[in-house]
Amino acid sequence: MLSKGTQTKENIVEKSLQLFSVKGYYNTSINDILEATQLTKGGLYGHFKSKDEIWQAAYDRAVEIQKSYFKDRKKKSVLEEKSTVQRLTDT
């Protein structure tokens, strides 16, 4: 189980990633992030030093998501190819 601090940090990253994806970096304010996470400025800045640091963490999370997606797609594709080969060799 994750500590409360780790959960809060992950929540900030997830909510910020959503905001940055919709509004972009420059149009997302710290107040937007505070509203989405329901944190105070002190609560937010206790985990991140700046908006840039939040952006970097959100970007890293987006890369993780993308890598996972393509890894799953590749695995599915390999399984589908094996299934096709199996059907062709069974006939």
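Nothing in this text is a laboratory measurement; each read-out follows from the coordinates by a stated rule. Since we're looking at a predicted model, the values are computed, not measured. Cβ coordinates were reconstructed from backbone atoms using ideal geometry, including for glycine residues, and neighbour counts include every protein chain displayed.
Quick notes on this structure:
- Eligible lysines near Lys71 by straight Cα distance, threshold 29 Å, same-chain separation 8 or greater: Lys9, Lys15, Lys23, Lys82
- Note on Ser29 and Lys49: the model spin-label points, each 7 Å out from Cα along the C-beta direction, lie 2.5 nm apart.
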